[in-house]
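These notes concern the structure reproduced below.
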Amino acid sequence: MRYLLFAILLLNLSVAYAQLDCPVPFGTNNGDQKYHITIGVGQTKLYGDMDKSGTMGTAFFLKVDYKLLKGLHIGVEGQIGSLEAVPSIVDERYVTNNYYSGGVFVTAYPYDILTNSKSSYNYSLKDRLLSGFYVGLGISGLRNSYKEGDIYRDPNLLYTYGPIAYYDENNLPVFKEKINSLLLPAINAGLAFPINKHTTRTGRYWSAVLNGQFNFANNELLDGYIPYDQNGRRIESNNDMYTFYSLGVRYSL
């Protein structure tokens, strides 16, 4: 299913590509536009309280940036996807949860900041690679959504417990199905490689984007578990985090 969605995305982008010769709605025809829209897909990996988890989830993202200064952008990003963990046989816990997130990012392009050269249609391969490298820092809000059967819990084993909302009339724990987390910091590093910047007549152009994102939560609940030992004692541990490696396309206008 995920590959079908990605194929549909590529088809839509190819249709949009045919519109490149339309008049420029924003900015000027100088190949150095202020607005950048990026869409892509990738894989997530959850790092929480379960050992040796190798399962990957899938996520999609949409990001819109505005160029504040030469080499400095500010933008908003939204994600929707899944975080999954199926650890070793020794650890009986597992989790699959859907999530969506939204946040604000500041992105810097070091080469553009440090050089005085103006944008040109005739970038060399070296210049395009150096100019396309970026790092970003942001803050996001994330909401997990758990469904019955998506997370393993055994009432007789406290170390399999997740976030407890309250106890019912039978003194049994009732678990939260939705959990909010703050991702601070959320760190990006990647490469936006212009594809047709040196040939377009309108100033608008496409770029291929390779991105790695590292999201650090302010709690231990991204994996749905609060760490306890076999005796029911709370274990102090590091907050959860997840990585998101993605491939996308960017349209600059």
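Inspect region 227-240 for any residue being open to solvent by 10 Å² or more (accessible area, probe 1.4 Å), under 25 Å from the mean Cα position of the chain (by Cα) and at pLDDT 90 or above and give the result as yes or no.
So far as region 227-240 goes, yes, one or more of its residues are open to solvent by 10 Å² or more (accessible area, probe 1.4 Å), under 25 Å from the mean Cα position of the chain (by Cα) and at pLDDT 90 or above.
Among (1) within 27 Å of the chain's Cα centre (by Cα); (2) at pLDDT below 85, where does Asn116 come up short?
Tallying (1) within 27 Å of the chain's Cα centre (by Cα); (2) at pLDDT below 85, Asn116 fails exactly one: (1).
Just the residues that are crowded, with 18+ Cβ neighbours inside 10 Å and assigned to a loop (DSSP other than H, G, I, E, B), please, taken from region 174-226.
Listed by number, the residues that qualify are Lys197, Thr200, Gly203, Arg204, Glu220, Leu221, Leu222, Asp223, Gly224, Tyr225, Ile226.
Could you list, in sequence order, all residues of region 64-86 that are open to solvent by 50 Å² or more (accessible area, probe 1.4 Å) and hydroxyl-bearing (Ser, Thr, Tyr)?
Tyr66
Go through region 93-111 and give me each residue that's in contact with a strand residue (DSSP E or B) (Cβ under 7 Å, 6 or more places away or on another chain) and at pLDDT below 95.
Those that are in contact with a strand residue (DSSP E or B) (Cβ under 7 Å, 6 or more places away or on another chain) and at pLDDT below 95: Tyr94, Val95, Thr96, Asn97, Asn98, Tyr111.
The values are calculated or read from the model by the stated rules, or taken from the named source; none is laboratory data. Computed from a prediction, not measured in an experiment: that's the story for all the values here. Note that each Cβ is placed from the backbone with ideal geometry, even for glycine, and that neighbours are counted across all protein chains shown. Keep in mind that these areas ignore ligands, DNA and RNA; they rest on the heavy atoms of the full protein, side chains included. Shrake-Rupley method; radii C 1.70, N 1.55, O 1.52, S 1.80 Å.
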